[in-house]
Amino acid sequence: MTVLATYVPRDSPVHRLPAGVKLTGLVLAGLGTVLLGRWWQSLLLLACVAGLYGVARLTWRCLAVQLRAVALLVAAIGVLQIVVAGWERAVVTCGNLLALVALAALVSLTTRTDDLIEVVVRGSGPLRRFGVEPERVGLLVSLGIRSVPVVARLAGEVRDAQLARGAATRPVAFLVPLVVRSLRHADRVGEALIARGVDD
Amino acid sequence: MHTSSNRTRDLALTATFAAFIAVLGLVPAFSPFGFPVPITLQSLGVMVVGAVLGPRRAAAAVLFFLLLVALGLPLLAGGRGGLGVFAGPSAGYLLGFPVAAAVIGALVYRRGAPYQLGHGLVATVIGGIIALYAIGVPVTAWRAGISLPAAMSGSALFLVGDLAKAVLAAVVAGAVHRADPRLLPSRAPVDTSAVPV
């Protein structure tokens, strides 16, 4: 799981904060940015988030990798904003956007996936009356994480079979067997879970 | 209404098809004309899952896929993951994914067996394009601070690609339903997607 996860282990106060606290803070920050309307407020927010990366003892590279995914899009929005609404508005929109993305990424970088799963399982408790069972949510999460490499392997097998038959890699000829094999795999997993008495 | 063993099978289907959507995201994304939102097979996966699993299970699988992304697994197309993606300007499309899958599934399962390509294509366009854009476009407009028409004309760039994906998804769903006829309910007034598998 650690191979897949974005978590970066460090010994820092940010890492030690409970996952629930960090998630709550993120939601509050998200709501709070709606109130920021001045360009210097947005820059201040960005500086604060960058400071938190320092407190978490994460490198600039960590931050850059996280922001790279949205950089192009934010740049396009920035240009559009400058043309349509002026540079101050552009700084506010892009600054708030970047700060929130960076802050959300900070939570992911400093919180182990297991801890987040625990918050999800605990958080799904109140959903019990809607038919959600917290124990099953935990099972589902670990099952889902383990299913990713399995389905990736199935995809590799389908591709190999296609190449062996000399068939071109047409999307339909790839997707249909992949879906059918995934259905069969789910059947087997279901049988195995029932055999282990999961469906009490 | 559901026996517990059906619920366990649905649990396995949910986990497996969340992984299926994730795997489609591993196929490299491409950005036509250097446009900032990459086009991927992931939204194709959402359409296929909707038409194959029906509204309830498909929505669960897609929601669960998003949960795995939120938990920090880099499963989103292009190896992205973590909570950051839900703060970005295209977050509305992510949040629209489960709705799209549910709408497609509801329309396909409502009609029941046998899956008919024309109907399936209409269902896929309604759920995978109209419903998805109806959520994605306003969120982009809000997050990017641009007007609704501006966001709409931006999304028009993806329309051709998404239409092609809808056709592909409908063809794939038809072939899957032919291969596994137990999935769709027989054509009768049925109001649930749960089928004894």
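The values are calculated or read from the model by the stated rules, or taken from the named source; none is laboratory data. Only a predicted model underlies this, so the values are computations on that prediction, with no experimental measurement involved. All Cβ positions, glycine included, derive from the backbone under ideal geometry; neighbour counts span all protein chains shown. Keep in mind that these areas ignore ligands, DNA and RNA; they rest on the heavy atoms of the full protein, side chains included. Shrake-Rupley method; radii C 1.70, N 1.55, O 1.52, S 1.80 Å.
General observations
- Hey, residue A:106 in contact with a Phe, Trp or Tyr (Cβ under 7 Å, 6 or more places away or on another chain) and either within 12 Å of chain B (Cβ to nearest Cβ) or β-branched (Val, Ile, Thr) (or both) or not: yes
- When we screen A:153, A:136, A:159 for residues that are outside the structural domain of residue A:19 (by TED's automatic domain parsing), open to solvent by 30 Å² or more (accessible area, probe 1.4 Å) and either within 19 Å of residue B:179 (Cβ to Cβ) or small (Gly, Ala, Ser) (or both), the only hit is A:159.
- Of the criteria (1) surrounded by 15 or more Cβ atoms within 10 Å (Cβ to Cβ); (2) within 18 Å of the chain's Cα centre (by Cα); (3) under 30 Å from residue A:146 (Cα atoms), which one residue A:97 fails: (3)
- Helices (runs of 4 or more DSSP H) contained entirely in segment B:63-162, each with at least 3 residues that are in contact (Cβ under 8 Å) with a residue 24 or more places away in the chain and open to solvent by 10 Å² or more (accessible area, probe 1.4 Å): B:91-111, B:117-125, B:132-144
- Scanning segment A:109-131 for residues that are closer than 24 Å to residue B:7 by Cβ and either of a type in the set (Asp, Glu) or within 9 Å of another protein chain (Cβ to nearest Cβ) (or both) yields A:117, A:118, A:120.
Each row is one residue, and each column tells you yes or no for (1) acidic (Asp, Glu); (2) farther than 27 Å from residue A:121 by Cβ; (3) assigned by TED's automatic domain parsing to the domain that holds residue A:109.
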site	(1), (2), (3)
A:7	no, no, no
A:24	no, no, yes
A:31	no, no, yes
A:36	no, yes, yes
A:43	no, yes, yes
A:47	no, yes, yes
A:62	no, yes, yes
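- Tally, over segment A:26-40, of residues that are away from chain B (no Cβ under 11 Å) and surrounded by 16 or more Cβ atoms within 10 Å (Cβ to Cβ): 2
- Checking each residue in segment B:77-98 for being more than 9 Å from chain A (Cβ to nearest Cβ) and either under 19 Å from residue A:106 (Cβ atoms) or modelled with pLDDT under 85 (or both) picks out B:77, B:91.
- Scanning segment A:132-157 for residues that are within 8 Å of another protein chain (Cβ to nearest Cβ) and either among the β-branched types (Val, Ile, Thr) or not in a helix (DSSP H, G or I) (or both) gives A:141, A:145, A:148, A:150, A:151.
- Breaking point among (1) within 9 Å of the chain's Cα centre (by Cα); (2) modelled with pLDDT under 80, for residue B:42: (2)
- The residue list B:20, B:33 contains one member that is of a type in the set (Phe, Trp, Tyr) and modelled with pLDDT of 90 or more, which is B:20.
- Residue within segment A:162-172 that is at the interface with chain B (Cβ under 7 Å from one of its Cβ atoms), at pLDDT below 80, surrounded by 14 or more Cβ atoms within 10 Å (Cβ to Cβ) and in contact with a helix residue (DSSP H, G or I) (Cβ under 8 Å, 6 or more places away or on another chain) present: yes
- Check on residue A:106, assigned to a helix (DSSP H, G or I) and in contact (Cβ under 8 Å) with a residue 12 or more places away in the chain: yes
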